[in-house]
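Accompanying notes for the structure given below.
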Amino acid sequence: MKILAIESSCDETAAAVVEDGRKILSSVVATQIESHKVFGGVVPEIASRMHIEAISGVVDEAMKKAGLDYTDLDAIGVTYAPGLIGALLVGVNFAKGLSLATGLPLIPVHHLRGHIASNYLTFPELEPPFMCLVVSGGHSHIVTVDDYTSFKIIGKTRDDAAGECLDKVARAMGIPYPGGVNLDKIAVNGNEKAYSLPHPRVEGSEFDFSFSGLKTAAINIIHNAEQKGEKVNREDLCASYLNAVTDCLCNNTVKAMKDYGFKKLALAGGVSANSVLRRKMTEFADENGWQLFLPELSLCGDNAAMIGSQAYYEYLKGNIASTHLNAYATMPIDNPVF
Ligand code: KG4
Ligand code: ZN
């Protein structure tokens, strides 16, 4: 079954053709990073406009690269939630138009379910059940993937997402957007013990995260230094901060793996590209004899191939939308409606 998938939830306009949920026939990603960099973060209005400009060309290219015609396709998949509402609407409306014009079924895909599916593309042998740490710019979840379309949230952030925190502290240090990516590179040369940072825990909820206090602590270090006319050591602060953020992510995930008795752990989302997180999780997995699934780096960030993969499983489950499909800025992963 060949699915053309479209993703436009944030600052990447992407289209891909995926066969049977596992094989990428083409994948095209047009990033808007350069246009948002000057503002230090994604400007939603600019993102929406740029998606409108890019989407036709990106979809055409994905079809050409796959060497297919619309008559060769079996369905259209699209990210409909969660994300920036104006950005999502561009992809959803384009997909609706294609579905109407071709008569192909329209499959709504939850963005975070798509991120998890990037593991199915990287590891053809991976099947649920497994546990997954989903860490992106907007979400930090520990979920059990009980089946391809059945998820349980074990823990989530009570405030900021991990990616958001990395981006904000990077910005306070004058590191260009996208902060998390650049912070990862700068941290390589730093001493992770140089700055002492808190490891916040959520009282009474051992699997939930709270990153805002940690973010504020790092920003205070930067501001205090500025007020004294001093400069922080960027390499050391990046390394120390990344160490603290990844410690929090790992501690809760490792505990959840043990408590729930899982032997398979996957990472997903933009932050799963982080080198420190990947290294620490690999160590924990080796120590505990777990199988660890780390998505290929090119599939960690937003792309449409992961949406095409998840769309296949949503289709098999009968999750097909009408052309009244709407986009939603927020939507739970475990009980989405469309
Ligand atoms: O999943 P994603 O591409 O978009 C959302 O769905 O939000 O995640 C983007 C987030 C950003 O916060 C970005 O800074 C972060 O992922 N990120 C990283 C790395 N690559 C991307 N954070 C740390 N280290 C990286 N290598
Ligand atoms: Zn994402």
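Can you tell me which residue in region 155-182 is farthest from residue 242 (Cα to Cα), limited to those that are aliphatic (A, V, I, L, M) and within 17 Å of the chain's Cα centre (by Cα)? Before the answer, list the steps.
Filtering region 155-182 for residues aliphatic (A, V, I, L, M) gives 161-162, 166, 169-170, 172-173, 175, 181.
Keeping just the survivors that are within 17 Å of the chain's Cα centre (by Cα) gives 161-162, 166, 181.
Values: 161: 14, 162: 10, 166: 8, 181: 11 Å.
Out of the qualifying residues, it is 161.
Going by the conditions given, is residue 109 in contact (Cβ under 8 Å) with a residue 40 or more places away in the chain, on the phi < 0 side of the Ramachandran plot, surrounded by 16 or more Cβ atoms within 10 Å (Cβ to Cβ) and not in a helix (DSSP H, G or I)? Walk me through it before giving the result.
Details: in contact (Cβ under 8 Å) with a residue 40 or more places away in the chain: yes; on the phi < 0 side of the Ramachandran plot: yes; surrounded by 16 or more Cβ atoms within 10 Å (Cβ to Cβ): yes; not in a helix (DSSP H, G or I): yes.
Yes; evaluated as a whole, the condition is true for this residue.
Has region 251-258 got any residue that is under 23 Å from residue 168 (Cα atoms), in a helix (DSSP H, G or I), touching a Phe, Trp or Tyr at 6+ places or on another chain (Cβ under 9 Å) and open to solvent by less than 30 Å² (accessible area, probe 1.4 Å)?
Filtering region 251-258 down to residues under 23 Å from residue 168 (Cα atoms) leaves 251-252.
The next check asks that each one be in a helix (DSSP H, G or I); those that pass are 251-252.
Right, trim to touching a Phe, Trp or Tyr at 6+ places or on another chain (Cβ under 9 Å) and you get 252.
Now restrict to residues that are open to solvent by less than 30 Å² (accessible area, probe 1.4 Å): 252.
Scanning region 251-258 turns up at least one residue that is under 23 Å from residue 168 (Cα atoms), in a helix (DSSP H, G or I), touching a Phe, Trp or Tyr at 6+ places or on another chain (Cβ under 9 Å) and open to solvent by less than 30 Å² (accessible area, probe 1.4 Å).
Sort through 80, 120 and tell me the only one that's farther than 23 Å from residue 250 by Cβ, within 16 Å of ligand 1 (Cβ to nearest atom) and surrounded by 24 or more Cβ atoms within 10 Å (Cβ to Cβ). Reasoning before the result, please.
Numbers: 120 fails: within 16 Å of ligand 1 (Cβ to nearest atom).
Among 80, 120, only 80 is farther than 23 Å from residue 250 by Cβ, within 16 Å of ligand 1 (Cβ to nearest atom) and surrounded by 24 or more Cβ atoms within 10 Å (Cβ to Cβ).
Hey, can you tell me all the residues within region 124-146 that are open to solvent by 10 Å² or more (accessible area, probe 1.4 Å) and more than 12 Å from ligand 1 (Cβ to nearest atom)?
Correct list: 124, 125, 127, 128, 129, 146.
Test of understanding: among 141, 115, which residue is in a helix (DSSP H, G or I), in contact (Cβ under 8 Å) with a residue 40 or more places away in the chain and closer than 28 Å to residue 167 by Cβ? So that I can check it myself, show each step before the final result.
Working: 141 fails: in a helix (DSSP H, G or I).
The match here is 115.
Within region 51-77, track down each residue that is closer than 15 Å to residue 7 by Cα and open to solvent by less than 50 Å² (accessible area, probe 1.4 Å).
Quick first cut of region 51-77, residues closer than 15 Å to residue 7 by Cα only: 51-63, 75-77.
The answer is 51, 54, 55, 57, 58, 59, 62, 63, 75, 76, 77.
Out of region 172-189, which residues are more than 16 Å from ligand 2 (Cβ to nearest atom) and within 13 Å of residue 218 (Cβ to Cβ)? First the steps, then the outcome.
Initial filter on region 172-189 (more than 16 Å from ligand 2 (Cβ to nearest atom)): 172-176, 182-189.
Passing the criteria: 172, 173, 175, 183, 187.
Return only the number of the condition from (1) touching a Leu at 6+ places or on another chain (Cβ under 7 Å); (2) loosely packed, with under 13 Cβ neighbours inside 10 Å; (3) among the hydrophobic types (A, V, I, L, M, F, W, C) that residue 238 does not satisfy.
(2)
When the residues of region 7-60 are narrowed to those that are outside any strand (DSSP E or B), hydroxyl-bearing (Ser, Thr, Tyr) and away from ligand 2 (no atom under 16 Å from the Cβ), which ends up modelled with the lowest pLDDT?
Looking only at region 7-60, we keep the residues that are outside any strand (DSSP E or B), and these are 8-11, 20-22, 32-60.
Among the residues that remain, those that are also hydroxyl-bearing (Ser, Thr, Tyr) are: 8-9, 35, 48, 56.
Checking which are away from ligand 2 (no atom under 16 Å from the Cβ) leaves us with 35, 48, 56.
Details: 35: 95, 48: 98, 56: 98.
Checking each candidate, the answer is 35.
Any residue at all in region 89-101 that's open to solvent by less than 10 Å² (accessible area, probe 1.4 Å) and assigned to a strand (DSSP E or B)? Show your work before the answer.
So the first thing to find is which residues in region 89-101 are open to solvent by less than 10 Å² (accessible area, probe 1.4 Å), and the list is 91-92, 95.
Remaining after also requiring assigned to a strand (DSSP E or B): none.
No.
Looking only at region 181-200, how many residues end up being free of Cβ contacts under 8 Å to residues at least 24 places away in the same chain and either closer than 22 Å to residue 139 by Cβ or buried (at least 18 other Cβ atoms within 10 Å of the Cβ) (or both)? Write out each step before concluding.
As a first pass, look at region 181-200 and keep what is free of Cβ contacts under 8 Å to residues at least 24 places away in the same chain: 182, 185.
With either closer than 22 Å to residue 139 by Cβ or buried (at least 18 other Cβ atoms within 10 Å of the Cβ) (or both) added as a condition, the list becomes 182.
The qualifying residues number 1.
So which of 292, 267 is within 16 Å of ligand 2 (Cβ to nearest atom), outside any loop (DSSP other than H, G, I, E, B) and open to solvent by less than 60 Å² (accessible area, probe 1.4 Å)? Walk me through it before giving the result.
Numbers: 292 fails: within 16 Å of ligand 2 (Cβ to nearest atom).
Just one listed residue meets the conditions, 267.
The values are calculated or read from the model by the stated rules, or taken from the named source; none is laboratory data. The shown structure was predicted, so the numbers you read here are calculated from the model rather than taken from an experiment. Here the Cβ is made from the backbone with ideal geometry for all residues, glycine too, and neighbour counts use every protein chain on show. Only protein heavy atoms, including side chains, enter the accessible area calculation; ligands, DNA and RNA are left aside. Shrake-Rupley method; radii C 1.70, N 1.55, O 1.52, S 1.80 Å.
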